[in-house]
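The values are calculated or read from the model by the stated rules, or taken from the named source; none is laboratory data. This structure is a prediction, so every number in the text was calculated from the model and none was measured. Every residue, glycine among them, receives a Cβ derived from its backbone with ideal geometry; neighbour counts consider all protein chains shown. Ligands, DNA and RNA are stripped out before the accessible areas are found, and what is left, the full protein with its side chains, is counted by its heavy atoms. Shrake-Rupley method; radii C 1.70, N 1.55, O 1.52, S 1.80 Å.
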Amino acid sequence: LGMYGDPKPEPPKKEMPAKVEAKNDSPADAGPKADQIKFAGRVVDPDGNPVKGAKVGLVNASEYLDDPPTLQPSAIAGPDGRFDFTLPKPDGHLFKFFWQALVAWAEGFGVGLLPVKEEGATEAEIRLFPDLAVRGRILNPEGKPMAGATVRVVQLGSQEAPDLAPWMKQAEGPGLKVLYPGLFDNLPHRVVFRNQPGLPPARTDRDGRFTLSGIGRDRVAALSVSGPGVATSEVVVVTQTGPDGQLKLVISEESRRQWIPAIGDRPPPAGIPESGSTRPRSVDAPDTEPYTTRHRFYRVPFDHVMTREQPLEGRVRDKETGEPIPGVRVWTLSPGGEILHALTDKDGRYRVGGLSPGSRLFHFEPGPDTPYHKWSRSGGKQDSVEPARLDMAVPRAPWIRGRVIDERTRRPVAGAKVIYEAVRANARAADYFERGYLNLVEAQTGVDGSFRLPGVPGRGWLMVYRTERGLSSAERPVQGDTDRTDLPDNLDTFIGIETYIVPADYQALVAVDLDPKALKEYTITLDPGVPVPVTLTDSDGKPVTGAIALGMRSPWLKWSKPLADARFDVPAFNPDRPRALVFYHPDRNLGTVVQPKKGDAGPWAVRMQSTATLTGALVLHDGKPCPNAELTLSFTYPSQAGPVWLPNHPADTHFKTDAAGKFRISKVIGDVDCAFWYKAYGDESNWLTIPFRAKPGETKDLGTIQTKPPSK
């Protein structure tokens, strides 16, 4: 979501900004807590000199705020330009899907940008840019100066150093080669301020003029311009003096084939609305020319003429009673991706301004304390500036109430996330969810473990998880309105779209069957499991360090980081439903599978064994040797049907035959079902497998394997 689907903004957050810390005298061995991320480094000017008093903050592009405030610092650089601060880890895996950047700013400079990774940064150097005041003039649709317009930086990108000349030469000439039409993706240093805290905005004066400072010279900036009676627009500015122009993006056929299968016939978002295209956006488009987009841009100074808005008005009411529903948030996105929104008043009425003419998708989100689901519906008129109208009548949903507690301590669990989805066979779900639009229904437990969220009459599922370690629902019985305690393989559900849920990804699975006339409360348990002590040794009884494990956490199909000690705990284990563990040492060719018996809570003394070696030869269908063929190995995790691979490292997972078609692979874990995969013709659909099992340390010969002819 957010990248190829409709963004799902979070409700407006009212938390105070992180506390500013100017001290840099913390002990050298003091590290961040497990639930925090550390950022440290120094801020320098364009010449590399430290900048005392520079402010530093993190911009997380996964946040969505309706009215984002000015960016607040998390630290202030000391006399040597150094800074040091920690922030709470974001919920979920937001770092993996969105841009994260450290931003530094100081009076008289353009901001410094530095992309950061999920684990944070401890030796970051943020270089400020020379500044160039961005001046311009905003004109109303009649071409007259427009006072009171707001101009705000929503996206910013640059090279590592303030020099755009090579980039501009390519962009204005043959075009920038990109994977999909994201203008800023081609710039290594970039930050998204859209719907997040950002740089201070500017307001136009009586002559329509404005000045923005702090962007920096030789940068590409996207500016959002809004005002009363006009459509919110987004413009691209290259912070240089000179004439305006166009930037060209080129998607090669190879790149196009990479993203088209992933998203169907919808192209990825451009980030900035395109002003022209030389190719239709379609999977079936001819393959003779690359797909291109062009983006008009301004240089400094510039004039920009606004267009008239087409506001959307309407009323939201209860479908059964006709009573108005106040506090419903109605929102949509501007062409540049900013949230335009309004709240229904006591009479259920709303008005969303700043819209350009045309039809678009609007989202209706009732307040958190009202028994209604979210809805999405298209509204607006093409080629019109007259107010459009969209009235909504939504059905009242039955409440699902309950409490989440710890299975072992019986204490309430605060901060757990509870998610609801109706089963696909529940015919009533279509009355509550707009078909074709994702509608997430979730709540968070309070300090007493309680929760409340709207459901649908009939059958559905509750899925519960929290960030703390605990047993997966795959290792626990199903709870709620069911006599079946065994976990189903998957959950066929419907929340506006048909979804496939993997139950093992959650810590509790609860079946619900809602009768609006006889609602009840659900008590849901989460089980943290028990720690199991383990000692890892080799065949000689010597301690083994640096091994990795599969099954350390639940769900289990994820390899751990290297184990620094030969003695450790499996942190969350269920002796009543034991799961297997796989230990592997990539450097020493050691591997073993542990399958505990029911009730075995350790301690375990695990002796790792030498991996087996697989040999053989691959020949073509005509009997000639098959050189340079692609090979890989997988094994079957006990109690699971699908294949599992060793960690994604070429030396452990990808192999090739030699010039005579022979192969020798010493990476086979013994006493477990394995599969040998080969692909002889570079044909993606022609992977073939041979099942086998080897003993620890054995050399297993598959003999001569004759390949099949390539598929058509």
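Of note:
- For Leu438 and Val644, the FRET efficiency from 1/(1 + (r/R0)^6), where r spans their Cβ atoms and R0 equals 30 Å, is about 0.50.
- A straight chain from Phe692 to Lys144 at 0.36 nm per residue would run longer than the Cα-Cα distance by 189.4 nm.
- Between region 104-142 and region 543-587, the alpha-carbon center distance in angstrom: 44
- Thr704-Tyr500 pseudo-label distance in nm [points 7 Å out on the Cα-to-Cβ vector]: 4.1
- For region 517-575, the Rg and Dmax computed from alpha carbons only, in angstrom: 17.6, 68
- Label-point gap, in nm, between Asp345 and Thr241 - each point 7 angstrom along Cα→Cβ: 5.0
- With the alpha-carbon atoms of region 346-408 aligned to their principal axes, the span from lowest to highest coordinate is 63, 25, 17 Å, starting with the largest.
- Dividing the Cα radius of gyration of region 304-371 by its Kirkwood radius returns 1.04 for Rg/Rh.
- Scattering profile of region 359-468 at q = 0.10, 0.15, 0.22, 0.23 Å⁻¹ [log10 I(q)/I(0), Debye over alpha-carbon scatterers]: -0.39, -0.73, -1.19, -1.25
- Global size of region 487-534: 15.3, 52 Å for Rg and Dmax (C-alpha atoms, Rg to one decimal, Dmax whole).
- Which of Gly367, Gly314, Thr409, positive extreme of dipole for region 305-411 (C-beta unit charges): Thr409
- Sequence-distant residues sharing a close amide H with Val570 (under 5 Å, placed H): Val532, Val534
- For region 448-521, alpha-carbon Rg over 2.2 N^0.38 Å: 1.13
- Protein accessible area in region 412-528, 1.4 Å probe - carbon and sulfur %: 45
- Couplings 3J(HN,Hα) for region 464-481, derived from phi with the Karplus relation 6.51 cos²θ - 1.76 cosθ + 1.60 (θ = phi - 60°), are 10, 8, 9, 6, 5, 5, x, 6, 6, 5, 5, 10, 9, x, 5, 10, x, 7 Hz, where x marks Gly and Pro.
- Added length on full extension, which subtracts the Cα-Cα distance from 0.36 nm per residue, Leu557 to Asp587: 8.7 nm
- Rg/Rh for region 526-643, where both radii come from Cα atoms and Rh is the Kirkwood radius: 1.09
- For Thr545, the solvent-accessible surface with a 1.4 Å probe is about 70 Å², rounded to the nearest 10.
- Label-point gap, in nm, between Ala675 and Asp431 - each point 7 angstrom along Cα→Cβ: 4.5
- Extents of region 558-712, largest first, come to 56, 29, 24 Å (Cα atoms, principal axes, whole angstrom).
- Stokes-Einstein D in µm²/s, Kirkwood radius over Cα pairs - region 593-682 at 10 °C with 1.306 mPa s viscosity: 105
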